[in-house]
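A.B. asks: Sharing a structure below in structure tokens format, with a few things to ask.
Derivation of every value follows stated rules applied to the coordinates shown; laboratory data play no part. Bear in mind the structure is a predicted one, so any value in this text is a computation, not a measurement. Every residue, glycine as well, gets a Cβ built from its backbone with ideal geometry; the counts of neighbours run over all protein chains shown.
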Amino acid sequence: MKIPCLLVIVLIIISCSINKDWTKIESTIEEGLHDIEIVDENVAFTYGYGTGNIYKTTNGGKNWKNIYQFDSLYFEQIQFFDEKTGWIAGSPNKLFKTENGGKNWIDKSIKNELENALIYGMYFQDSRNGYISIIRINDNGFISNIYGTNDGGENWLLVNSINEMILNLEEIDNSIFGTGNNVIIKDIHKKNDWKYNFRDTTNQVGQIRDIEINEVGKVIAVSFNGYVIEQNSENWNSIRITKNRIRSLISIDNENWIAMGDSNKESGNLFISTDNSNNWAKIQREFPDIHRINKFKKRLWAAGKEGLIITRRK
């Protein structure tokens, strides 16, 4: 495919501009960080992967304090509703809630699940209503049990079981979506009314780790095999933009997207689209592996290996 020279020049200019905008936050954290949750302009949380360390900032990221340490747990998801109330989930079969800003955590793990079950997906619509996906491994592969709560996690009800590896839960256009190994499932919390929106039977796309909707209703997902999967009307298309793992993406506005991940097979782990995913360009700047990107109002935040925390204005 021939790309007009003007478009190439524009992408290069935008790429260079975005390179300069990213600011690395200097902190004393040296371990790999797996996620970052922004509460407001001052308060945010992040955590180490495999160490159980929870970190908090109260001054907009200038300083980070280790506020709690679990045993060596592999947390996968964190979500806060305000400075005090939040959840964290991970493996093996661990689900915790805090009501005092992370000083103490209450064990809310699903007791009738296997001790070695894997919690990857977690999404709360508000402080009372939420869902988690728990992955079991059996002789036939994977099964994901979807649990829901409507009382702030005091009780959890098994609402669905699907023979898939579900790694992420998100709300897209008033529906709960589950993404996983080669699949995107709509209404995953509805036992008798869920459906595959996307299913790659060739096993090329791999683990779909994130999905996002922008201001004009465009839905895009990204995968560990370097694919961008996008919805066009009733159809879903996939295109490979890198050999690297893509872990996370964010919509900046109705045209601009940023995707991030690892540099496991080639250089470059930041990508930008300025035309609503029609084209993607690599941002020529090297960072350690980036695990998650998040946003709050006009600022983006991302976290990754080697204690990486970076930020920029949208």
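A.B. asks: Report D for the chain in µm² per second (integer): Stokes-Einstein, Kirkwood Rh on Cα pairs, 4 °C, 1.567 mPa s. Walk me through the numbers before you get to the answer.
C.D. replies: Numbers: Rh = 19.9 Å.
Using the Kirkwood radius from Cα pairs, D works out to 65 µm²/s.
A.B. asks: Another question, if that's okay. For the range 240-309, state which GluC sites (Glu not before Pro) are in a DSSP loop and have at most 13 other beta carbons lying within 10 Å of their beta carbon.
C.D. replies: GLU266, GLU286
A.B. asks: Tell me, what ³J(HN,Hα) does each residue in the range 59-76 have, in order and in whole Hz, if you take phi through Karplus 6.51 cos²θ - 1.76 cosθ + 1.60 with θ = phi - 60° and put x for Gly and Pro?
C.D. replies: 10, x, x, 5, 9, 10, 10, 6, 9, 6, 9, 7, 5, 5, 10, 9, 6, 10
A.B. asks: Using modelled backbone amide H atoms (1.01 Å from N, in-plane), which distant-in-sequence or interchain residues come within less than 5 Å of VAL43's amide H?
C.D. replies: Distant-sequence amide H within range of VAL43: GLY60.
A.B. asks: Then there is this: Can you tell me which of 90-98, 237-245 comes out highest on packing, and rank the rest after it, using the mean Cβ neighbours within 10 Å?
C.D. replies: Numbers: 90-98: 20.1, 237-245: 16.9.
Final packing ranking: 90-98, 237-245.
A.B. asks: Here's another thing I want to ask about it. Between the range 276-294 and the range 40-99, what is the C-alpha centre distance in whole Å?
C.D. replies: First find each Cα centre; the distance between them is then 24 Å.
A.B. asks: Find the percent of Cα-Cα distances in the range 176-314 that exceed 22 Å, and round it to a whole number.
C.D. replies: Numbers: 3400 of 9591 pairs.
Counting pairs separated by more than 22 Å, the tail of P(r) holds 35 percent.
A.B. asks: What FRET efficiency comes out for the pair ASP82/GLU26, r = Cβ-Cβ distance, R0 = 30 Å, nearest 0.05?
C.D. replies: Working: r = 27 Å, r/R0 = 0.91.
The calculated FRET efficiency here is 0.65.
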